[in-house]
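Only one structure is covered here, and it is reproduced in the block below.
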Amino acid sequence: MHKRDIAGLTLFKFQFFSNAKIKNLIPMDTLIITGSNLTINDVVNVARHGQKVELHPDARKRILECRAMLEKKIVAHEIMYGVNTGIGEFSEIVLNDDQIKDFQKYLVYNHAAGIGDPASAETVRGAMLGRINVHAHGNSGCRLEITETLVEMLNKGVTPFACQKGSVGACGDLAPMSQIALLLMGEGKAYYEGELLEGAEAMKRAGIAVPGLQARDGLATINGSNMLTAMSAIWLVDANNWLKQAEIAAAMSLEALKANMKPYAPLLHEARGFKGAIRSANAINKCVSGGDLKEGRVKSKVQDAYSMRSTPQVIGAAHDMLAYARSQVEIELNGVGDNPIFFPDKNLQLSGANFQGSPVSVPMDMAGACVTMVSVMSERRMNRLNNPALSVGLPDFLTKGAGMFSGLMLSQYTADMLIVEQRILSMPASIQSIPAAADQEDFVSMGMNTAIKNNQILDNAYGILGIEFMAAAQALDFRKSEYSFGTGVQAAKDVIRKHVEFLDIDRPLYPDHTTMKELIKSCEILHEVEKVVGSLE
């Protein structure tokens with residue numbers, strides 16, 4: 001493949017679902033929705049790769065039983081928040097029978113109050129999947145037709161247009177989820193087979209009946225943090241792949257800088273006990289295995305700088321944080337995030353705050369900061385490759401013509417700019433609550449801000465890591481006559497050279513930077529390295 005082709009291919013891969021027809025890219029069995037055991041990888045398979053879904057018969061039974069209990073309570077005029085009362089500050093206002101019929105429609109209208117650009121289609125699809133899984137518990141009180149319609153929309157590729165911005169991550173992601181709920185009334189807008197259509201037209205073309213909204217149906221569709229949870233689930237899968245590539249890039253830089261590899265000995269990390277550090281040291285050792293550096297045939301210092309010898313501890317800390325964040329996100333994916341919650345076996349309804357996004361936004365804030373932390377270390381290694389005082393004999397700024405040429409000097413500027421933006425974005429959103437709804441909702445998670453800024457942090461991280469990869473490949477080309485490299489390192493370098501040429505004389509570098517960024521997104525380097533060294537998990 002020509003180096004300029006990668007950007008277009010990756011753009012297709014990562015933006016395909018934003019405005020195109022949903023279809024299976026990978027053959028997969030139908031995912032059976034039970035309310036439990038949903039993973040972040042399941043979210044990616046359904047949201048990004050178009051895996052089909054189906055409600056388990058037991059889930060259908062639970063939904064029907066809960067709805068039957070709810071309807072008895074409506075007939076008995078039992079006061080239930082959001083069913084026969086207003087919401088938020090209006091929760092003390094009791095609705096009459098006629099108002100109950102129309103309330104769900106106006107609830108959705110009022111809450112469809114986002115702004116600006118749409119969320120990606122994979123985010124919307126992930127949110128729909130999460131909402132279906134909530135309903136499968138049989139605690140939400142909606143009609144089965146509502147859940148089945150969401151299933152059908154996923155399977156037939158009707159993806160609602162939902163503004164990404166507007167949610168405060170408490171009472172659920174009400175604004176974007178309401179734009180999904182509009183489709184259940186044949187309203188709003190949706191993408192279908194590559195077109196943005198009026199909601200009714202999209203449903204008609206897909207052959208999906210519009211169920212309408214009855215008592216409780218609207219609130220049961222919107223009252224959970226499903227959008228920020230879907231974004232977080234997808235992000236965690238992508239961030240894990242990025243971290244594995246950060247280890248490959250580190251291995252390349254370590255080889256080029258003639259690092260002392262004793263700090264990567266498994267025994268050292270097992271003595272301390274952090275799982276992430278053990279994993280990271282193992283991954284880097286796999287990449288350098290088979291090369292002269294690993295075999296001790298290259299002279300190295302007694303002790304290297306921190307950016308070289310503490311990489312397993314730093315990337316390992318990120319692995320551990322992502323593992324914790326994953327555990328929290330998967331609890332949320334499989335929990336009952338709703339309000340109120342109905343318990344048919346106890347003939348009971350309880351109103352609380354199971355929509356609150358903080359259990360997801362808090363660990364995800366830290367996960368985003370960890371990506372920034374690893375990016376900072378990546379830039380520090382790239383600095384050592386460039387700096388003649390630190391590069392162990394490499395040419396100044398990795399160019400043969402220092403003075404006439406500046407080599408990769410300016411690449412560092414770009415990486416530094418991206419890191420500063422990451423640092424700004426790494427301020428936790430979960431502490432930024434602004435009260436709303438006349439102080440009835442006086443603490444909110446701001447979890448959607450967490451999810452949005454994490455995507456920006458990771459987007460910058462692709463660019464920073466791409467620049468380290470580019471610098472490491474350049475440095476290794478200068479070293480290749482001196483010693484042989486590890487099998488994983490060589491595989492990574494070979495991939496890079498398919499897309500970015502050796503910098504013999506200065507040229508504009510922005511195409512190379514962008515190509516490298518897209519190459520990291522595509523995971524081609526990761527896939528090729530894992531073919532020769534095995535899994536880096």
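The values are calculated or read from the model by the stated rules, or taken from the named source; none is laboratory data. Predicted, not measured: the structure shown is a model, and the values here were computed from it. Cβ placement follows ideal geometry from the backbone for every residue including glycine, while neighbour counts extend to all protein chains displayed. Heads up: the accessible areas ignore ligands, DNA and RNA and are worked out on the full protein's heavy atoms, side chains in. Shrake-Rupley method; radii C 1.70, N 1.55, O 1.52, S 1.80 Å.
Is there a residue in the range 402-421 that is open to solvent by less than 30 Å² (accessible area, probe 1.4 Å), of a type outside the set (D, E, K, R), in a loop (DSSP other than H, G, I, E, B) and more than 27 Å from residue 511 (Cβ to Cβ)? No - not one qualifying residue is present in the range 402-421. Looking across the range 245-285, the residues that are within 30 Å of residue 48 (Cα to Cα) and charged (D, E, K, R) come down to 247, 275, 279.
Got a number for residues in the range 499-537 being open to solvent by less than 30 Å² (accessible area, probe 1.4 Å) and assigned to a loop (DSSP other than H, G, I, E, B)? So the answer is 6. Pull up the range 72-91, narrow it to residues that are in a helix (DSSP H, G or I) and without any contact (Cβ under 8 Å) to a residue 12 or more places away in the chain, then point me to the one that is nearest to the chain's Cα centre (by Cα). Filtering first and then ranking leaves 90.
Have a look at 478, 469 and point out the one that is open to solvent by 10 Å² or more (accessible area, probe 1.4 Å) and in a helix (DSSP H, G or I).
Working: 469 fails: open to solvent by 10 Å² or more (accessible area, probe 1.4 Å).
Just a single option satisfies the conditions, and that option is 478.
Any idea which of 196, 268 is in contact with a strand residue (DSSP E or B) (Cβ under 9 Å, 6 or more places away or on another chain) and either among the charged types (D, E, K, R) or open to solvent by 10 Å² or more (accessible area, probe 1.4 Å) (or both)? Only one candidate passes the filter, namely 196. Taking the conditions (1) surrounded by 20 or more Cβ atoms within 10 Å (Cβ to Cβ); (2) modelled with pLDDT under 95; (3) part of a loop (DSSP other than H, G, I, E, B); (4) out of contact with any Ser or Thr (no Cβ under 6 Å at 6 or more places or on another chain) in turn, residue 430 satisfies each one other than (4).
I'm trying to understand the selection: among the residues of the range 46-61, which are part of a helix (DSSP H, G or I), open to solvent by 40 Å² or more (accessible area, probe 1.4 Å) and either out of contact with any helix residue (DSSP H, G or I) (no Cβ under 7 Å at 6 or more places or on another chain) or on the phi > 0 side of the Ramachandran plot (or both)? Across the range 46-61, the qualifying residues are 57, 58, 61.
Filtering 345, 439, 396 for residues that are at positive phi and open to solvent by 30 Å² or more (accessible area, probe 1.4 Å) leaves a single hit, 439.
Taking helices (runs of 4 or more DSSP H) that fall entirely within the range 258-355, which contain at least 1 residues that are under 25 Å from residue 246 (Cα atoms), among the β-branched types (Val, Ile, Thr) and modelled with pLDDT of 95 or more?
275-288, 311-333
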